[in-house]
Amino acid sequence: GDDAPPRLFSVAALFNVLDRCDYPKLLLKSAVSRIEPGGLLLVASVVPFRPLVLEGRRGSKWGEPSLRAPLSPLNIARIPTEVEYPQFEMRLAVILEAILRLHPELELRRWTRLPYVSSGDTKKTHYTLDMA
(Lines give C-alpha, C1' and ligand atoms only; values in the text may rest on other atoms or scores of the structure.)
Protein backbone atom coordinates (compact mmCIF):
# COMPACT_ATOMS: atom_id res chain seq x y z
CA GLY A 1 0.00 0.00 0.00
CA ASP A 2 0.89 3.67 0.16
CA ASP A 3 2.14 3.33 3.75
CA ALA A 4 4.79 0.76 2.83
CA PRO A 5 8.37 1.96 3.22
CA PRO A 6 10.19 2.64 -0.06
CA ARG A 7 12.09 -0.29 -1.49
CA LEU A 8 15.84 -0.13 -0.93
CA PHE A 9 18.45 -1.30 -3.39
CA SER A 10 22.01 -2.55 -3.02
CA VAL A 11 23.15 -0.36 -5.92
CA ALA A 12 21.93 2.89 -7.47
CA ALA A 13 23.50 4.30 -10.63
CA LEU A 14 23.61 7.88 -11.89
CA PHE A 15 25.44 7.67 -15.21
CA ASN A 16 26.00 10.96 -17.03
CA VAL A 17 22.93 12.69 -15.58
CA LEU A 18 24.16 14.97 -12.77
CA ASP A 19 25.52 17.43 -15.32
CA ARG A 20 22.47 17.12 -17.62
CA CYS A 21 19.43 17.45 -15.35
CA ASP A 22 17.61 20.42 -13.85
CA TYR A 23 17.67 19.20 -10.25
CA PRO A 24 20.87 17.19 -9.65
CA LYS A 25 20.74 17.74 -5.86
CA LEU A 26 17.23 16.29 -5.70
CA LEU A 27 18.17 13.39 -7.98
CA LEU A 28 21.22 12.65 -5.83
CA LYS A 29 19.15 12.85 -2.62
CA SER A 30 16.56 10.48 -4.06
CA ALA A 31 19.18 7.95 -5.16
CA VAL A 32 21.01 8.05 -1.81
CA SER A 33 17.74 7.60 0.10
CA ARG A 34 16.99 4.38 -1.81
CA ILE A 35 20.32 2.66 -1.09
CA GLU A 36 20.34 0.03 1.64
CA PRO A 37 22.97 0.30 4.39
CA GLY A 38 26.33 -0.72 2.94
CA GLY A 39 25.01 -0.29 -0.61
CA LEU A 40 26.74 1.45 -3.49
CA LEU A 41 26.07 4.63 -5.43
CA LEU A 42 27.72 4.54 -8.85
CA VAL A 43 28.26 7.94 -10.45
CA ALA A 44 29.61 8.68 -13.92
CA SER A 45 30.20 12.18 -15.20
CA VAL A 46 32.13 13.94 -17.88
CA VAL A 47 35.19 15.70 -16.49
CA PRO A 48 35.56 18.64 -16.54
CA PHE A 49 32.08 19.05 -15.08
CA ARG A 50 30.06 21.46 -17.25
CA PRO A 51 26.38 21.36 -16.27
CA LEU A 52 24.09 22.02 -19.25
CA VAL A 53 20.52 20.88 -19.90
CA LEU A 54 19.51 20.06 -23.47
CA GLU A 55 16.01 21.12 -24.44
CA GLY A 56 14.24 20.05 -27.60
CA ARG A 57 15.36 17.64 -30.25
CA ARG A 58 16.74 17.76 -33.76
CA GLY A 59 14.18 17.95 -36.49
CA SER A 60 11.49 19.12 -34.08
CA LYS A 61 8.76 21.41 -35.39
CA TRP A 62 9.53 23.67 -32.39
CA GLY A 63 13.07 24.35 -33.53
CA GLU A 64 16.53 23.04 -32.88
CA PRO A 65 17.65 21.93 -29.42
CA SER A 66 19.23 24.46 -27.10
CA LEU A 67 21.48 24.27 -24.05
CA ARG A 68 20.90 26.10 -20.79
CA ALA A 69 22.02 25.99 -17.17
CA PRO A 70 20.23 23.66 -14.72
CA LEU A 71 17.43 25.20 -12.63
CA SER A 72 19.08 24.06 -9.38
CA PRO A 73 22.70 23.03 -10.02
CA LEU A 74 25.08 21.28 -7.64
CA ASN A 75 26.73 23.64 -5.17
CA ILE A 76 30.02 24.15 -6.94
CA ALA A 77 31.15 27.68 -6.15
CA ARG A 78 33.20 27.95 -9.30
CA ILE A 79 34.20 25.34 -11.81
CA PRO A 80 37.94 25.68 -12.34
CA THR A 81 39.38 25.88 -15.81
CA GLU A 82 41.72 23.29 -17.27
CA VAL A 83 44.52 25.86 -16.93
CA GLU A 84 43.89 26.31 -13.20
CA TYR A 85 43.45 22.57 -12.55
CA PRO A 86 45.43 20.87 -15.33
CA GLN A 87 45.33 17.36 -13.85
CA PHE A 88 42.26 15.19 -14.28
CA GLU A 89 42.28 14.25 -10.59
CA MET A 90 42.04 17.90 -9.55
CA ARG A 91 38.98 18.47 -11.75
CA LEU A 92 37.41 15.24 -10.49
CA ALA A 93 37.90 16.40 -6.89
CA VAL A 94 35.58 19.37 -7.55
CA ILE A 95 32.67 17.03 -8.36
CA LEU A 96 33.44 14.65 -5.50
CA GLU A 97 33.63 17.49 -2.98
CA ALA A 98 30.22 18.81 -4.10
CA ILE A 99 28.62 15.37 -3.75
CA LEU A 100 30.23 14.61 -0.38
CA ARG A 101 29.33 18.04 0.96
CA LEU A 102 25.67 17.25 0.23
CA HIS A 103 25.92 13.68 1.53
CA PRO A 104 28.70 13.29 4.11
CA GLU A 105 27.34 9.83 4.93
CA LEU A 106 28.81 8.62 1.62
CA GLU A 107 32.37 7.47 1.31
CA LEU A 108 34.46 7.23 -1.83
CA ARG A 109 35.55 3.64 -2.31
CA ARG A 110 36.98 3.76 -5.82
CA TRP A 111 37.11 5.89 -8.92
CA THR A 112 38.30 5.22 -12.42
CA ARG A 113 38.83 7.16 -15.59
CA LEU A 114 37.25 5.92 -18.81
CA PRO A 115 36.59 7.67 -22.10
CA TYR A 116 33.04 8.75 -22.82
CA VAL A 117 31.60 6.69 -25.68
CA SER A 118 28.44 7.80 -27.45
CA SER A 119 26.40 6.26 -30.21
CA GLY A 120 27.39 7.01 -33.75
CA ASP A 121 25.73 8.14 -36.92
CA THR A 122 25.99 7.38 -40.63
CA LYS A 123 29.70 8.28 -40.62
CA LYS A 124 30.90 6.34 -37.55
CA THR A 125 29.53 3.56 -35.38
CA HIS A 126 30.50 5.46 -32.21
CA TYR A 127 32.37 8.49 -30.95
CA THR A 128 34.87 8.63 -28.12
CA LEU A 129 35.61 11.68 -25.99
CA ASP A 130 38.65 11.75 -23.72
CA MET A 131 39.71 15.31 -22.99
CA ALA A 132 41.16 14.71 -19.53
*Only Cα pairs under 8 Å and at least 6 apart count here; give the relative contact order of the chain as a rounded whole percent.*
20
_Across region 68-132, what fraction of all alpha-carbon pairs, as a whole percent, falls in each successive 10 Å bin from zero upward?_
16, 35, 36, 12, 1
*Separation between the Glu55 and Leu8 pseudo-spin-labels, each 7 Å from Cα along Cα→Cβ, expressed in nm?*
3.9
*Thr128 versus Thr81: modelled label distance in nm, points set 7 Å from Cα along the beta carbon direction*: 2.9
*asked:* If R₀ is 22 angstrom, what is the calculated FRET efficiency for the pair Ala69 and Leu42, using the beta carbon separation as r and rounding to 0.05?
replied: 0.30
*Computed from the mean reciprocal separation of all distinct C-alpha pairs, what Kirkwood hydrodynamic radius does the chain have, in Å?*
16.9
*Taking only protein heavy atoms into account and a 1.4 Å probe, give the accessible area per residue of the chain in Å².*
73
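The values are calculated or read from the model by the stated rules, or taken from the named source; none is laboratory data. Owing to the predicted nature of the structure, the values given are computational and were not obtained by experimental measurement. With ideal geometry, Cβ positions are generated from the backbone for all residues, glycine too; neighbour counts draw on all protein chains shown. What goes into the accessible areas is simple: the full protein's heavy atoms, side chains included, and nothing from ligands, DNA or RNA. Shrake-Rupley method; radii C 1.70, N 1.55, O 1.52, S 1.80 Å.
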